[in-house]
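Visitor: Got a structure for you, written out below as structure tokens; questions coming shortly.
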Amino acid sequence: MKMGKVVMVVAVMVLFNMSSCSAWFGGNKHKSGRNSILPSEATSSRSRLLNPAGSSIVLPLYGNVYPVGFYNVTLNIGQPARPYFLDVDTGSDLTWLQCDAPCTHCSETPHPLYRPSNDFVPCRDPLCASLQPTEDYNCEHPDQCDYEINYADQYSTFGVLLNDVYLLNFTNGVQLKVRMALGCGYDQVFSPSSYHPLDGLLGLGRGKASLISQLNSQGLVRNVIGHCLSAQGGGYIFFGNAYDSARVTWTPISSVDSKHYSAGPAELVFGGRKTGVGSLTAVFDTGSSYTYFNSHAYQALLSWLKKELSGKPLKVAPDDQTLPLCWHGKRPFTSLREVRKYFKPVALGFTNGGRTKAQFEILPEAYLIISNLGNVCLGILNGSEVGLEELNLIGDISMQDKVMVFENEKQLIGWGPADCSRIPKSGDVSI
Ligand SMILES: *[C@@H]1O[C@H](CO)[C@@H](O)[C@H](O)[C@H]1NC(C)=O
Ligand SMILES: *[C@@H]1O[C@H](CO)[C@@H](O)[C@H](O)[C@H]1NC(C)=O
Ligand SMILES: *[C@@H]1O[C@H](CO)[C@@H](O)[C@H](O)[C@H]1NC(C)=O
């Protein structure tokens, strides 16, 4: 199981010691003035390339909420470009790869470790600044940008920021080599529960270092990302305008929290009825497999479920350790279809001056799983237990079978019904 990848604390230590790593930090640093966009074929001319308002990138996803616990995407990075499987995380900014710098601590990776380029991002670069905990950070090595990121699930990574080439296919058929910053993560610290065997992480947050911010600042796509996670597994993510806005419900991105895709205040709605549990802030985060409610909302959910399930043929199954709360039936269940009749939808009603403006509905399929023991388990967990305090984290499970759109230009979060197994092609991308 994987918990919130939202960045909780960022503190930097200049751990990287030049002398002990002279193998690659020694000479030949930081080539500036390199063209950031290199057409991958001599024949593609800039004019054929892109119309930033209309171009987009769509990438297929692999994975599921249970049993895999995450969705991954393949990116081709480096010269020559090599494939890497990355965990998709809208809760943090930086894209990084486990890196042979050499690596102090790396977990097992599906591909050989990334070999760093020598195209260093300098310490005073705004991208570097955006990864530091304070504005007056220390630059012991002005030519290099050291960072440390601590995620909510106790995973942390130390690395150095570099530029390298990403090979990207746009939906208009153009393939480009785009030079952008990425992290060379040479020391990952994690507990067994946060471990998963991937090459790195794709950061899709709102900060400057995020891949979408970098693509946008090079004029390649609008500053919009989105995803569609299929309950059958798989789905896609997109950069730019690859969604049908006619079917999307919008709510403003909260201005209080500049780091995350958060919205609020919202009120809890159970089975179509307002609960009075309000003033909730919701953070949308693909870095988390499950959804977390704060202690108050979680308590209300448990009481409601207990009432709803009384007299139904479902009994608590304390032996099932898959998730904190599971129920068994008379016989093992094989599919959510068999149990959804016992459960009602949960929703977050986003309010504005007391009126509900937009409802984010969480159907039973988006808060329950069937464990491998054939029990049905609650995929909404107690966030207070894992230190999320007042935050409510909307994880992968509750965003399944919806197109989720994060409009950074208009500061809006949107969602709508979607068939996530149908990956949009250039022809059916509407603006
Ligand atoms: C990531 O996706 C690839 C398909 O591109 C798949 O083969 C691989 O098993 C996935 N990796 C993990 C760790 O799930
Ligand atoms: C990009 O497009 C090329 C052909 O135009 C294709 O061979 C390649 O697999 C695509 N890459 C990705 C990552 O989709
Ligand atoms: C949620 O977690 C907090 C902190 O551990 C705890 O005090 C509270 O009782 C939990 N709520 C429920 C309903 O289990």
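The values are calculated or read from the model by the stated rules, or taken from the named source; none is laboratory data. Remember, it's a predicted structure, so these values are computed and weren't measured experimentally. When we count neighbours, we look across all protein chains shown, and the Cβ atoms used for this are built from the backbone with ideal geometry, even at glycine.
Visitor: Look at the range 202-238 and say how many of its residues are farther than 18 Å from Ile253 by Cβ, assigned to a loop (DSSP other than H, G, I, E, B) and of a type outside the set (A, V, I, L, M).
Guide: Counting residues in the range 202-238 that are farther than 18 Å from Ile253 by Cβ, assigned to a loop (DSSP other than H, G, I, E, B) and of a type outside the set (A, V, I, L, M) gives 6.
Visitor: Then there is this: What tally of residues in the range 68-96 results from selecting those that are within 11 Å of ligand 2 (Cβ to nearest atom) and either among the basic types (Lys, Arg) or outside any strand (DSSP E or B) (or both)?
Guide: Total satisfying the criteria: 1.
Visitor: A further question on this structure: For the range 156-166, enumerate the residues that are modelled with pLDDT of 95 or more and surrounded by fewer than 23 Cβ atoms within 10 Å (Cβ to Cβ).
Guide: Asn163, Asp164, Tyr166, listed by residue number.
Visitor: May I ask you to list pairs of residues, at least six apart or on different chains, whose Cβ atoms are under 8 Å apart, with the first in the range 89-110 being under 15 Å from Leu202 (Cβ atoms) and the second being among the acidic types (Asp, Glu)?
Guide: Pairs found: Asp89/Asp285; Thr90/Asp285; Gly91/Asp285; Leu97/Asp199; Gln98/Asp199; Thr109/Asp199; Pro110/Asp199.
Visitor: Something else about it: Could you list, in sequence order, the residues of the range 132-155 that are crowded, with 20+ Cβ neighbours inside 10 Å and under 20 Å from Ser289 (Cα atoms)?
Guide: Quick first cut of the range 132-155, residues crowded, with 20+ Cβ neighbours inside 10 Å only: 144-149, 151-153, 155.
Result: Ile149, Tyr151, Ala152, Asp153, Tyr155.
Visitor: Oh, and also: So in the range 102-147, with the set limited to residues that are modelled with pLDDT of 95 or more and assigned to a strand (DSSP E or B), which one is nearest to ligand 2 (Cβ to nearest atom)?
Guide: Among residues in the range 102-147 that are modelled with pLDDT of 95 or more and assigned to a strand (DSSP E or B), the one nearest to ligand 2 (Cβ to nearest atom) is Tyr114.
Visitor: Within the range 270-285, track down each residue that is touching a strand residue (DSSP E or B) at 6+ places or on another chain (Cβ under 6 Å) and not in a strand (DSSP E or B).
Guide: Selection gives Thr275, Val277, Gly278, Ser279, Asp285.
Visitor: Something else: Of the residues Ala300, Ala246, only one is more than 16 Å from ligand 2 (Cβ to nearest atom) and either in a strand (DSSP E or B) or at pLDDT 95 or above (or both); which? Break it down stepwise before answering.
Guide: Details: Ala246 fails: either in a strand (DSSP E or B) or at pLDDT 95 or above (or both).
Selected residue: Ala300, the only one of Ala300, Ala246 that is more than 16 Å from ligand 2 (Cβ to nearest atom) and either in a strand (DSSP E or B) or at pLDDT 95 or above (or both).
Visitor: Among the residues in the range 131-146, are any more than 30 Å from Ala263 (Cβ to Cβ) and polar (S, T, N, Q)?
Guide: Yes, the conditions are met somewhere in the range 131-146.
Visitor: For the condition buried (at least 22 other Cβ atoms within 10 Å of the Cβ), in contact (Cβ under 8 Å) with a residue 12 or more places away in the chain and part of a loop (DSSP other than H, G, I, E, B), what is the one hit in Leu388, Leu373, Leu393?
Guide: Leu388
Visitor: Can you confirm whether the range 158-171 contains a residue that is more than 16 Å from ligand 1 (Cβ to nearest atom), in a loop (DSSP other than H, G, I, E, B) and of a type in the set (Phe, Trp, Tyr)?
Guide: There is at least one residue in the range 158-171 that is more than 16 Å from ligand 1 (Cβ to nearest atom), in a loop (DSSP other than H, G, I, E, B) and of a type in the set (Phe, Trp, Tyr).
Visitor: Follow-up. For Asn76, indicate whether it is surrounded by 14 or more Cβ atoms within 10 Å (Cβ to Cβ) and in contact (Cβ under 8 Å) with a residue 40 or more places away in the chain. Please lay out each step first, then the result.
Guide: Working: surrounded by 14 or more Cβ atoms within 10 Å (Cβ to Cβ): yes; in contact (Cβ under 8 Å) with a residue 40 or more places away in the chain: yes.
For Asn76, the condition - surrounded by 14 or more Cβ atoms within 10 Å (Cβ to Cβ) and in contact (Cβ under 8 Å) with a residue 40 or more places away in the chain - is met.
Visitor: Check Gly240, Gly272 and return the single one that is small (Gly, Ala, Ser) and over 14 Å from Leu348 (Cβ atoms).
Guide: Numbers: Gly272 fails: over 14 Å from Leu348 (Cβ atoms).
Being small (Gly, Ala, Ser) and over 14 Å from Leu348 (Cβ atoms) holds for just one of Gly240, Gly272, which is Gly240.
Quick grid of which residues meet (1) among the aromatic types (Phe, Trp, Tyr); (2) within 16 Å of Lys410 (Cα to Cα):
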| residue | (1), (2) |
| --- | --- |
| Tyr186 | yes, no |
| Gly200 | no, no |
| Ser213 | no, yes |
| His227 | no, no |
| Gly235 | no, no |
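Visitor: Within the range 247-266, can you find the residues that are farther than 18 Å from Ser213 by Cβ and either of a type outside the set (A, V, I, L, M, F, W, C) or without any contact (Cβ under 8 Å) to a residue 12 or more places away in the chain (or both)?
Guide: Arg247, Thr249, Thr251, Pro252, Ser254, Gly264, Pro265
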